[in-house]
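What follows is a short report on a single structure.
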Amino acid sequence: MSNAENRQDRLPYVDAVRRLAASKPLQAMVPGHGGDPDRGGRHLADIYGEAVVRMDAPLMLEGIDLGDDSPMVEALELAAEAWGARRAWWLTNGASQGNRTAAFAVRGLGERVLMQRSSHSSFSDGVLLAGLIPAFVSPNVDHVHGIAHGLTPQMLEDALRTEIEAGRAVQSIYVVSPSYFGSTADVAGLAAVAHAHDAALIVDNAWAAHYGFHPELPESPARLGADLVISSTHKLAGSLTQSAMLLLGDTEFAERLEPLVARAYTMTSSTSASSILMGSLDAARHALVHGTETIGASIRRAEEFRERLRADERFSVISDEFDEFPDIIATDPLHVPIDVSRLGQSGHWVRDRASAEHGVYFEMSTATSIVAILGALASPDLDRLMAVLTAVADEADELRAAGKASDQSGFPQLPDAGTLRMLPRSAFFAESVLVTAHQAIGQVSADTLAAYPPGIPNLVPGEEITEETVSFLQAVAASPTGYVRGAADPMVATFRVVRDPISAAQAG
Ligand SMILES: Cc1ncc(COP(=O)(O)O)c(C=O)c1O
């Protein structure tokens, strides 16, 4: 066994917290439950077990996280090594914190960012907070299912050239790979294009923290030339919900970015980050590094799941058609996107029936699809999954026989972005007013509005509100399980617009 493998056997942070817990300290400090299940933590221990109370340690403790050679520093180095990064930061407020931190950090390289339109709203929030000037590049879209994929290096090159020719060269670029549906872009190619234009590449890899941990999975983006990688470890890679990582690639930008990220991280992180969440990141790293067999078993299950779906003509596997999209160079086997449109009911209905009637929960749904996510270290009961999908499909058949099928093809396509008329930050802080949807058309949005699923911002502050965007958002809001984050009211009947965009832009 090599030294690197030996090192990866260690669980430095988890062990340090365990040692503290085992010493049964008297904690006259926060957290107020005292770390003692018998004196202050019983209400928690009864629910979550004694270990949670004992291991819920505060920050700044000798032997855990204080100093340059603390167990926490070692654990972070192991994480960086495992993902092929130069440095790793643990996040206790999700990949959302990673996106905001990345936006703050790249502002130090310059004020312009080119971002994939299907960004997560946490990145556009970061753009706003950092005062970045965004330009957008639209990803390929599957118009049948209304879902966004990614960018080819050529699409990025073309978008960069447009910005350069307009005298707006960008210093950073943000792309998402993989998508919710597992479609994976050519990160190495995108990094080469970005670097040829002297721009840093941020890859939002929230959906694939497990990449690079099995020969049948795509490589970790940090090993493919990405400068910053946002990794939602809790999503598929086995850490606890809300724990995530920000990784710095070992690239030509690393030296400039490292201090910028460190400062930005201080601005976005809690001064009481949870040792339970951070310990789960140490544990997930350890499990992934040693998990080739388990991850392989998850991949086999996902393949078997796909086979079983293909055998029922009422379903089809959306990723089987991914070859049509030039941006998709690989598919995450653990994202299983299922076309349910032949059932005559919406994906929302299918997802709802599966959870309400059978206790089986799918990650998301669209009008025509549902997406199943299998954890990299998990082994779901495929028989139960298939039995429930079959039962829901049978119920749909009965509805259709009774003439109660509904046509999902009228669902609107994702709207194009309106013109950016003001800086997002200026529009957000400008005096604003609520107007009806009809009156809002042609005015400047003061808010970020993102339709869920999948949470792509359809409007950012400073953008002109178009008729197309209004009808799209209202259609999503009216659908059974859709909702619009950031809307002034649930049905998106009103919009918050900038009262006087011309004077606000001058002031901003
Ligand atoms: C592409 C993308 N980035 C970032 C996030 C935010 O992740 P988290 O929920 O860990 O904050 C999400 C959440 O779904 C996402 O889809």
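If the chain between VAL30 and ASP198 were fully stretched, how many nm would it gain, using 0.36 nm times the residue separation less the Cα-Cα distance? Can you show the working numbers first?
On the way: separation 168, 0.36 × 168 = 60.48 nm, distance 4.62 nm.
Computed gain between VAL30 and ASP198 is 55.9 nm.
Points 7 angstrom from Cα along the Cβ direction at ARG263 and ILE164: gap in nanometres?
Spacing of the two 7 Å Cα→Cβ label points: 2.8 nm.
Taking just the alpha carbons, could you work out the radius of gyration and Dmax for the chain, both in angstroms?
Values for the chain (Cα only, Rg and Dmax): 23.7, 69 Å.
Within the range 1-110, list the trypsin sites (Lys or Arg not before Pro) lying in a DSSP loop whose Cβ has at most 13 other Cβ atoms in a 10 Å radius. The partial results should precede the final answer.
On the way: sites: ARG7, ARG10, ARG18, ARG19, ARG39, ARG42, ARG54, ARG86, ARG87, ARG100, ARG107; in loops: ARG10, ARG39, ARG86.
Loop-located and lightly packed - ARG39.
Given a Förster distance of 30 Å, report the FRET efficiency between ARG485 and GLU111 from their Cβ-Cβ distance, rounded to the nearest 0.05.
Numbers: r = 26 Å, r/R0 = 0.88.
The value I calculate is 0.70.
From the backbone phi of the range 186-202, what are the Karplus-calculated ³J(HN,Hα) couplings (6.51 cos²θ - 1.76 cosθ + 1.60, θ = phi - 60°) in whole Hz, Gly and Pro given as x?
Karplus-based 3J(HN,Hα) across the range 186-202 equals 7, 5, 4, x, 5, 5, 4, 5, 4, 5, 4, 9, 6, 10, 7, 10, 9 Hz.
Go through the range 303-408 and name the GluC sites (Glu not before Pro) that are in a DSSP coil and have 12 or fewer other Cβ atoms within 10 Å of their Cβ.
Numbers: sites: GLU303, GLU304, GLU307, GLU313, GLU321, GLU324, GLU357, GLU363, GLU395, GLU398; in loops: GLU313, GLU363.
Here the GluC sites (Glu not before Pro) that fit, given the DSSP loop and packing criteria, are GLU313.
Residues in the range 423-439, backbone N under 18 Å from the label point at ARG499 (7 Å along the Cα-to-beta-carbon vector): list them, ranges by number please.
Under cut-off, by backbone N: 426-436.
What distance in nm separates the simple spin-label points at ARG384 and HIS358, each placed 7 Å from Cα in the Cβ direction?
That separation, rounded to one decimal, is 1.2 nm.
Suppose R0 equals 25 Å; then what is the FRET efficiency for SER270 and VAL73 from their Cβ-Cβ distance, rounded to the nearest 0.05? List each step's numbers first, then the result.
Values: r = 19 Å, r/R0 = 0.74.
With R0 = 25 Å, the Cβ-Cβ based efficiency is 0.85.
What distance in nm lies between label points placed 7 Å from Cα along the C-beta direction at VAL144 and GLU252?
The answer from the label model is 4.1 nm.
Under 20 Å from a point placed 7 Å out from the Cα of VAL433 along the Cα-to-Cβ direction: which residues of the range 469-508 have their backbone N that close?
Answer for this model: 488-489, 493-508.
Once amide H atoms are placed 1.01 Å from N in the peptide plane, what residues at a sequence separation of 5 or more from MET364, or on another chain, have their amide H within under 5 Å of its amide H?
VAL371
Laboratory data are not the source of any read-out in this text; all were calculated from the coordinates shown. For clarity, every value in this text was computed on a predicted model and none was experimentally measured. As a convention, Cβ positions derive from the backbone with ideal geometry for all residues, glycine included, and neighbour counts pool all protein chains shown.
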